[in-house]
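Heads up: the structure comes next, in structure tokens.
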Amino acid sequence: MFRKIPEQVQRLSVVVAIIIAGVVIGRYVILPSSLTDTRFHRESTVQRETAKTIQFAGASVCAACHTDQAGKNRAGYHKTVSCEACHGPARAHTEDPSLKPTKPKAREFCVFCHAYDPSRPTGFPQINPVLHNPLKSCATCHNPHDPVPPEVPRECSACHGQIASIKTVSPHALIGCTSCHSVPAKHKVAPRSVRPTKPEAREFCGQCHAKESERKDAPKIDLPTHGGRFLCWDCHYPHRPERI
Ligand code: HEC
Ligand code: HEC
Ligand code: HEC
Ligand code: HEC
Ligand code: HEC
Ligand code: HEC
Ligand code: HEC
Ligand code: HEC
């Protein structure tokens with residue numbers, strides 16, 4: 001009966017048998033039980049982790065002794081930045097206040113979060129550290145626990161530097177920001193909650209660019225047909241318009 005099995009199948013079954021035997025021996029004989037016993041493995045992980053010393057005290061502990069800083073921090077722009085994000089792990093300090101945490105006074109520290117980086121969300125307060133008051137520590141002008149900018153800036157470029165510098169070298173250089181955006185005074189104090197308007201319709205650009213417009217220095221288009229039904233800024237970046 002064995003003879004009837006074709007020879008290539010016999011050889012193949014020898015190979016398969018060796019593989020199975022290898023796996024079984026490897027799993028149950030060669031590998032140490034610490035690698036295969038999942039219960040043992042989980043137990044030792046818990047032991048390993050609980051043996052580590054805890055270095056962070058947690059966000060709520062500091063307020064008990066530092067009411068002044070904690071109150072400011074909670075109400076200000078840095079409310080989402082925890083004390084220990086800036087002062088480093090400080091559990092030892094909460095047990096013995098003479099072990100002082102670090103005070104991050106170097107400009108590089110603030111710049112870590114606030115240097116201009118295009119991958120950061122629009123509206124996150126960013127500065128160019130080379131140009132922004134380069135010779136002084138940030139804390140001389142901004143209280144780190146309540147970092148309101150010391151004065152309300154007059155120019156749009158203080159906060160929209162990139163848009164302003166793009167526009168300066170564009171055909172719209174002489175068109176002021178406020179001819180296209182109406183900006184409530186409060187926008188400069190609470191920019192994220194009080195917002196300026198933005199143009200909404202093609203007719204807005206048509207004021208200067210439609211054939212009928214009286215504005216002489218602006219090149220003219222046929223408003224009903226040019227660009228079809230799309231908004232002008234689907235094709236032309238309004239802060240640096242081009243003929244394309
Ligand atoms: C048990 C009370 C207590 C707690 C809790 C506490 N501190 Fe303090 N901390 C002090 C005292 C007291 C000093 C002043 C030490 C001195 O000047 O001799 C101090 C000083 C400091 C300083 C200034 C160090 C310096 O060089 O001037 C920093 C920063 C600080 N604490 C941060 C923290 C942070 C962050 C936490 C929370 C993780 C915290 N503290 C929790 C009591 C406390
Ligand atoms: C954005 C970073 C940042 C955060 C968040 C922060 N601090 Fe500070 N803190 C600083 C810096 C920088 C200084 C040094 C200021 C100086 O010397 O002018 C400082 C100084 C201090 C001092 C010394 C006394 C003083 O006011 O100069 C204490 C105490 C302190 N911080 C506690 C806290 C506590 C408590 C919290 C959380 C509620 C906290 N800090 C959150 C950056 C921070
Ligand atoms: C861990 C990141 C982090 C660090 C470090 C940090 N900040 Fe901030 N900062 C923030 C966040 C988050 C906000 C709030 C942004 C918002 O409201 O959308 C903020 C807001 C601010 C603002 C308010 C700007 C505005 O919108 O008017 C200033 C000024 C500021 N930080 C200065 C500092 C200074 C000075 C330091 C160094 C002592 C510092 N930051 C360190 C994260 C950080
Ligand atoms: C000489 C004072 C001074 C120093 C030093 C200073 N700033 Fe400012 N900062 C200002 C003023 C004034 C403003 C208001 C906007 C303006 O006019 O540029 C401001 C605005 C800001 C803003 C808000 C920008 C926005 O888009 O909302 C951030 C963030 C900021 N500073 C971070 C820093 C950091 C980080 C440092 C240290 C590297 C620093 N500043 C050093 C005076 C200062
Ligand atoms: C103190 C800083 C600051 C100043 C000064 C400032 N802005 Fe803003 N502006 C902001 C911030 C922050 C946002 C929010 C960006 C976001 O969340 O995407 C914003 C948003 C805007 C928007 C977009 C509104 C929207 O709904 O998308 C326009 C338009 C604008 N600003 C125009 C201006 C003009 C024009 C000026 C000058 C007259 C000006 N801003 C001055 C900080 C400022
Ligand atoms: C010719 C008209 C025009 C001028 C001048 C102009 N803007 Fe705009 N701006 C627009 C239009 C249109 C949009 C909407 C674009 C969109 O929705 O894609 C816009 C959008 C914005 C936004 C929202 C974010 C973005 O990039 O889409 C900000 C912020 C802004 N403008 C700031 C400014 C500032 C600051 C100036 C002056 C330096 C300025 N604008 C000048 C037409 C203008
Ligand atoms: C207040 C009048 C005014 C408004 C509003 C205006 N523009 Fe202009 N625009 C001009 C002037 C003036 C020029 C020509 C400047 C020059 O070349 O000397 C111009 C030039 C242009 C050009 C031609 C660029 C080139 O390379 O020749 C385009 C495209 C353009 N604008 C698009 C727009 C769009 C899109 C809007 C609406 C978001 C708009 N403009 C709103 C005045 C305006
Ligand atoms: C579908 C894309 C598209 C849309 C939408 C669009 N444009 Fe254009 N625009 C172009 C192209 C492509 C050119 C260059 C070729 C030409 O002159 O037709 C141009 C050229 C221009 C010029 C320069 C004309 C000249 O003779 O120098 C102006 C000004 C202009 N557009 C304004 C506008 C305005 C205002 C709107 C909104 C009413 C608008 N565009 C909508 C694609 C578009």
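Some observations on this one:
Here's the yes/no breakdown for (1) free of Cβ contacts under 8 Å to residues at least 12 places away in the same chain; (2) surrounded by 16 or more Cβ atoms within 10 Å (Cβ to Cβ); (3) touching a Pro at 6+ places or on another chain (Cβ under 8 Å):
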{"site": "HIS172", "(1), (2), (3)": "no, yes, yes"}
{"site": "ARG202", "(1), (2), (3)": "no, yes, no"}
{"site": "GLU212", "(1), (2), (3)": "yes, no, no"}
{"site": "ASP217", "(1), (2), (3)": "yes, no, no"}
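Let's see how each residue does on (1) within 16 Å of PRO144 (Cβ to Cβ); (2) under 19 Å from the mean Cα position of the chain (by Cα); (3) near ligand 1 (Cβ under 10 Å from one of its atoms):
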| position | (1), (2), (3) |
| --- | --- |
| CYS65 | no, no, yes |
| GLY71 | yes, no, no |
| THR80 | yes, yes, no |
| ASP96 | no, no, yes |
| LEU99 | no, no, yes |
| LYS103 | yes, no, yes |
| VAL111 | yes, yes, no |
| ASP117 | no, yes, no |
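- Some residue of segment 131-151 being under 26 Å from PRO199 (Cα atoms) and within 16 Å of ligand 2 (Cβ to nearest atom): no
- Looking across VAL9, VAL61, VAL24, VAL15, one residue alone is modelled with pLDDT of 90 or more, farther than 30 Å from LYS100 by Cβ and surrounded by 10 or more Cβ atoms within 10 Å (Cβ to Cβ). It is VAL24.
- Restricting PRO196, PRO121, PRO134, PRO129 to residues that are assigned by TED's automatic domain parsing to the domain that holds LYS103 and surrounded by 13 or more Cβ atoms within 10 Å (Cβ to Cβ) narrows the list to PRO129.
- Which numbered condition PRO224 fails, given (1) within 9 Å of ligand 5 (Cβ to nearest atom); (2) over 27 Å from VAL81 (Cβ atoms): (1)
- Complete set of residues in segment 229-242 that are assigned to a loop (DSSP other than H, G, I, E, B) and closer than 29 Å to GLU155 by Cβ: LEU231, HIS236, TYR237, PRO238, HIS239, ARG240, PRO241, GLU242
- Residues of segment 27-58 that turn out to be part of a loop (DSSP other than H, G, I, E, B) and either surrounded by 11 or more Cβ atoms within 10 Å (Cβ to Cβ) or assigned by TED's automatic domain parsing to the domain that holds PRO101 (or both), as a count: 6
- Filtering segment 132-180 to residues that are in a helix (DSSP H, G or I) and within 13 Å of ligand 3 (Cβ to nearest atom) leaves CYS138, ALA139, THR140, ALA158.
- Of all residues in segment 199-228, those that are in a loop (DSSP other than H, G, I, E, B) and either touching a Phe, Trp or Tyr at 6+ places or on another chain (Cβ under 9 Å) or of a type in the set (A, V, I, L, M) (or both) total 4.
- Test: residue in segment 127-142 that is near ligand 6 (Cβ under 10 Å from one of its atoms) and either closer than 30 Å to ARG229 by Cβ or at pLDDT below 90 (or both): no
The values are calculated or read from the model by the stated rules, or taken from the named source; none is laboratory data. Please read these numbers as outputs of a predicted model, since none were measured by experiment. Ideal geometry is used to build each Cβ from the backbone, glycine not excepted, and the neighbour counts take in all protein chains shown.
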